[in-house]
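Encoded as structure tokens, the structure appears first; notes follow it.
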Amino acid sequence: MLLKNLHGKRIILASQSPRRQELVKGLELEPVIVSREVDESYPEHIQGTDVAAYVTRKKAEAYLPELKENDVLITGDTVVLLGNRIFEKPQSVAEAKEMLRALSGNTHTVASGIAVTTLAQGIRVEVDTCEVTFIDLSDALIDHYIAAYKPFDKAGSYGVQDLMGFAGVERIHGSYYTVMGLPTLPLFRLLESIEADAID
């Protein structure tokens, strides 16, 4: 394990997302996976990338009472922003189609929040953003994608790591992993600083 400061600590990932699990394991960690229903609503005055930060912190707060001294909790949230519109997870086929048609031919922002929480340091949240440009998506691609990939667990109705990323994304400016839903570099830095911050 590269992060020697985490030796003896229990790493908890509060997510059932196989994408987030894969990315955390890519940092040479073997997290314990936990998941519970957390209200992801947010006040109307919170907008843009602040939504990802707010919901990420809210998820951490839900687990905080159960944390033990050596626990390190990881939580995250991702939103897709097109101008002032916030695209979260679609609730229906019609909503998924509407989202993808809106994203078609446009550049949007993906904001992924990440939080690392310990009893000693509390909740620390960072948000990373990435610009994603779509080609003009055909109705055939949109209809096939929704039917075959059922992107109802994905903000903005798509996954960059599957067919829509392969056939629909023209370019990305920023971290690919942020678009996947977990900004690995900010997470690594937060984890790396746990021991140092505790000593200060």
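The values are calculated or read from the model by the stated rules, or taken from the named source; none is laboratory data. The structure presented is a predicted model; accordingly, all values stated were derived computationally and were not measured. Because the Cβ atoms are built from the backbone with ideal geometry, glycine has one as well, and the counts that use them run over all protein chains shown.
Tabulated results
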read-out	value
Condition broken by residue 51, with the remaining ones in (1) in contact with a Leu (Cβ under 9 Å, 6 or more places away or on another chain); (2) free of Cβ contacts under 8 Å to residues at least 24 places away in the same chain; (3) within 30 Å of residue 10 (Cβ to Cβ) satisfied	(2)
Number of positions in the stretch 19-32 that are under 13 Å from residue 76 (Cα atoms) and out of contact with any Pro (no Cβ under 8 Å at 6 or more places or on another chain)	3
Residue ID - modelled with the highest pLDDT, chosen from residues in the stretch 1-19 that are of a type outside the set (A, V, I, L, M) and within 18 Å of the chain's Cα centre (by Cα)	15
From the options 22, 37, 44, residue that is among the charged types (D, E, K, R), more than 13 Å from the chain's Cα centre (by Cα), exposed (fewer than 15 other Cβ atoms within 10 Å of the Cβ) and closer than 17 Å to residue 153 by Cβ	37
Within the stretch 59-170, strands (runs of 3 or more DSSP E) holding 1 or more residues that are within 20 Å of residue 35 (Cβ to Cβ)	71-82, 107-118, 122-134
Residue pairs meeting the criteria (Cβ under 9 Å; at least 6 apart or on separate chains; first over 16 Å from residue 160 (Cβ atoms), in the stretch 95-109; second polar (S, T, N, Q) and surrounded by fewer than 19 Cβ atoms within 10 Å (Cβ to Cβ))	105/133
Subset of the stretch 146-196 [over 22 Å from residue 16 (Cα atoms) and not small (Gly, Ala, Ser)]	166, 169, 170, 171, 172, 173, 189, 192, 194, 195
Test: residue in the stretch 121-130 that is surrounded by fewer than 24 Cβ atoms within 10 Å (Cβ to Cβ) and free of Cβ contacts under 8 Å to residues at least 12 places away in the same chain	yes
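Conditions (1) in contact with a Gly (Cβ under 8 Å, 6 or more places away or on another chain); (2) modelled with pLDDT under 95, marked per residue:
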{"residue": "144", "(1), (2)": "no, no"}
{"residue": "148", "(1), (2)": "no, no"}
{"residue": "151", "(1), (2)": "yes, no"}
{"residue": "157", "(1), (2)": "no, no"}
{"residue": "165", "(1), (2)": "yes, no"}
{"residue": "172", "(1), (2)": "no, no"}
{"residue": "177", "(1), (2)": "no, no"}
{"residue": "197", "(1), (2)": "no, yes"}
